[in-house]
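Contents: one structure, followed by commentary.
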Amino acid sequence: MKVLFIGDVVGGPGRRGLKAAMPGLREQHRPDLVIVNGENSAGGMGITEKTAEALLEAGGDVITTGNHVYRHREAYEFLDRAERVIRPANYPHANPGRGFVVVEAAGMRVAVINLSGAIGLQVARLPFHEVDAILDRVEADCAIVDFHAEVSSEKVAIGWHLDGRVAAVFGTHTHVPTADARVLPGGTAFISDVGMTGARTSVLGVKPEQALAALMTQMPTRFETATEDVWVMGAVVEVNPQGLADSIEQVMVPAPEPAT
Ligand SMILES: [Fe+2]
Ligand SMILES: [Fe+2]
C-alpha cells in the first residue's frame, strides 16, 4: 500500500499547484492513499469547508491540519461533521473536529492520526501519551501520523517513540523540508518535516517583503500569500502487509503551469 503525504498547502497558489501536480504525482507514484495537510489552505492561514473540499477534489483522501485549524469560525461546524478532515488529537476534547480517522486503502484499514507538538504550541495533552491512547483503542491494520510541531528534537523523539508501532510519521508545520527521511530500525518511516505546498518566493508562504518588514520593524504587518514559484512537497511511503514501512521517498516538484 502506497501513501502519498502532502505538506501544508498554502492558500490559492498551493491549492491550484497541488491540483495541477496531482495527475503527474499519481502517474509516477500510484498512491493508494493521499493525505494532505490543509491548515494553511484558506488565505494562507486556516481551513474552510470550501478549501477542504478543494483539497479533497484535487485528490486528497484525508485532510490533516494543525495550529491554524480554528482561524475561521465558520469552519467549526464543518470540522464536527467532516469525517475525513481531522485536527490534532491532543487538543481539548470538546474542541470542534476529531483527531483521527480510519479509512480503507488497498484492502487495509489505515488509521490517520493528527498530533500537535507541545513545545511552542498549545495543547491539552502531550502528544506521546495521546498517541499511545489512540493506538491502544483504534482498530486498524496500520497507522499514519501527521506530527505538526515546531521543534526538531520533539519531532525526532516522537519518531523513536512510535518506531515499530506505526507505518509513518510525517512532520509538518515548519514549511521547510528536512533531509532526514528514512525508515527507522523498527520499520517506521520518518521525516522531521515534509515542507510546504506553495510559493517558494516567500517566507513560509508569505510575500518576502512583508515577512521581512514584520521581522525588521517588529510592527503589525499585513501578510499576503505569495504566488511565485509554486512547488509541491511531501513524501511517499510504501507500507507492507505487516503495517510497517518498506521505504520513504521525499517528493519536491515544481507545480506544472498554470499553477497560480
Ligand atoms: Fe503550516
Ligand atoms: Fe502550523
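No value in this document is a laboratory result; all are computed from the given coordinates. Keep in mind it's a predicted model, so treat the numbers as computed, not measured. Neighbour counts are summed over all protein chains in view; Cβ atoms, including those assigned to glycine, are modelled from backbone coordinates with ideal geometry.
Counting Lys +1, Arg +1, Asp -1, Glu -1, what net charge surrounds Arg98 among other residues with beta carbon under 14 Å of its beta carbon?
-1
Per 5 Å bin, what is the whole-percent P(r) computed from every C-alpha pair distance within the range 142-209?
Reading upward from the zero bin: 4, 19, 26, 21, 13, 8, 5, 3, 1.
For the chain, give the share of DSSP beta bridges that are antiparallel, in percent and rounded to the nearest 5; count only bridges with both residues there.
DSSP beta bridges in the chain are roughly 50 percent antiparallel.
Please give every one of the lysines within straight-line cross-link reach of Lys19, meaning a C-alpha to C-alpha distance under 18 Å, and leave out same-chain neighbours fewer than 8 residues apart.
Qualifying lysines at Cα under 18 Å: Lys50.
Just need the Rg to Rh number for the range 60-174, please, alpha carbons only, Kirkwood Rh.
That ratio is 0.94, to two decimals.
Can you tally the net charge around Gly107? Count Lys and Arg as +1, Asp and Glu as -1, for every other residue whose Cβ sits under 12 Å from the Cβ of Gly107.
-2
Can you pull the Rg over Rh of the chain, Cα-only, Kirkwood?
Rounded to two decimals, Rg over Rh is 0.95.
Pairing the Cα long axis of helix 208-217 with the longest principal axis of the chain, what angle in degrees results, from 0 to 90 and rounded to the nearest 10?
Approximately 80 degrees, to the nearest 10.
Can you list the residues, at least 5 places off or on another chain, whose amide H is less than 5 Å from the amide H of Ser247, using H built in the peptide plane?
Close amide H contacts, sequence-distant or interchain: Glu238.
Any chance you could give the angle, 0 to 90 degrees and rounded to 10, that helix 127-137 forms with the longest Cα principal axis of the chain?
40 degrees
For the Cα atoms of the chain, what angle does the longest principal axis make with the long axis of helix 11-29, in degrees from 0 to 90, nearest 10?
40 degrees
Would you tally the net charge around Ala214, using a Cβ to Cβ cut-off of less than 11 Å, leaving Ala214 out, and scoring K and R as +1, D and E as -1?
Overall, the nearby charge balance is +1.
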